Amino acid sequence: ADGKPDRGVPGVKAGKTPGVPETPPPGPGELQQTPQEIEGPFFRLGAPRRSSLLEPGDQPGVILSGRVLNEKGTPIPGAVVNFWSSDACGNYDMAGYRYTGYVVTDEAGRYEITTIIPGYYQPRKARHIHVKLQAVSRPVTTQLYLEGEPGNTDDEYYHPALLVPCTVDDAGV
């Protein structure tokens, strides 16, 4: 049809969690805002500032890069972007900060982290990376899903707008 990959349809709980704000439709000339999603029970304050979330012995699985923009498309420098995920087996670190950290966007609103491809865990069906960002507004919390991962569209919280398009480099990252 349009040449774009099929991103699937939202899971039954995507955007429907009590207390999680619904994403408003864009106004005239505005960009669609990133859908907000559950924080989950695993967010912890105090994460270190670091762009590599790799632990000793890990091989890079994904380099995640993007930009933080306002609804008009203007970059937001200095935004704090927190990331956290499970380890490769689906376990979250609740005592330390494994696979957890934050970066601050540059003058063009850009950020980049290197991490593993997290595992999945019951009852979740998709591997995902949690993100919480804050600039001069209330925090926005969401989850990102990696293109091509099995289980994405089977996950109750999956949202097609949160699917990150992926390319693979010569090292398989």
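The values are calculated or read from the model by the stated rules, or taken from the named source; none is laboratory data. Bear in mind the structure is a predicted one, so any value in this text is a computation, not a measurement. When we count neighbours, we look across all protein chains shown, and the Cβ atoms used for this are built from the backbone with ideal geometry, even at glycine. Note: areas computed on protein heavy atoms with side chains; ligands, DNA, RNA excluded. Shrake-Rupley method; radii C 1.70, N 1.55, O 1.52, S 1.80 Å.
Tell me, which residue of segment 34-48 that is under 30 Å from Ala14 (Cβ atoms) and without any contact (Cβ under 8 Å) to a residue 60 or more places away in the chain is least open to solvent (accessible area, probe 1.4 Å)?
Ala47
Within segment 56-66, does at least one residue satisfy the condition of being open to solvent by less than 60 Å² (accessible area, probe 1.4 Å), polar (S, T, N, Q) and either at pLDDT 95 or above or in contact with a Ser or Thr (Cβ under 8 Å, 6 or more places away or on another chain) (or both)?
Within segment 56-66, none of the residues are open to solvent by less than 60 Å² (accessible area, probe 1.4 Å), polar (S, T, N, Q) and either at pLDDT 95 or above or in contact with a Ser or Thr (Cβ under 8 Å, 6 or more places away or on another chain) (or both).
Would you check if Pro28 is without any contact (Cβ under 8 Å) to a residue 24 or more places away in the chain and in a loop (DSSP other than H, G, I, E, B)?
Spelling it out, Pro28 is indeed without any contact (Cβ under 8 Å) to a residue 24 or more places away in the chain and in a loop (DSSP other than H, G, I, E, B).
Among the residues of segment 71-101, count how many are in contact with a Lys or Arg (Cβ under 8 Å, 6 or more places away or on another chain) and either exposed (fewer than 14 other Cβ atoms within 10 Å of the Cβ) or more than 20 Å from His128 (Cα to Cα) (or both).
2
Are there any pairs, at least 6 apart or on different chains, whose C-beta atoms fall under 7 Å, with the first in segment 104-120 and more than 25 Å from Asn91 (Cβ to Cβ) and the second modelled with pLDDT of 95 or more and among the charged types (D, E, K, R), and if so, which?
Filtered contacts from segment 104-120: Ala108/Arg67; Gly109/Arg67; Arg110/Arg67.
Please enumerate the residues belonging to segment 102-149 that are open to solvent by 30 Å² or more (accessible area, probe 1.4 Å) and among the aromatic types (Phe, Trp, Tyr).
Selection gives Tyr102, Tyr111, Tyr120, Tyr121.
For segment 46-160, please list each of the strands (runs of 3 or more DSSP E) lying entirely inside it that holds at least 1 residues being touching a strand residue (DSSP E or B) at 6+ places or on another chain (Cβ under 7 Å) and of a type in the set (Ser, Thr, Tyr).
62-67, 100-104, 110-115, 140-146
Within segment 162-170, identify whether any single residue is more than 13 Å from Gly61 (Cβ to Cβ), open to solvent by less than 80 Å² (accessible area, probe 1.4 Å), part of a loop (DSSP other than H, G, I, E, B) and free of Cβ contacts under 8 Å to residues at least 24 places away in the same chain, and answer yes or no.
No, the conditions are met nowhere in segment 162-170.
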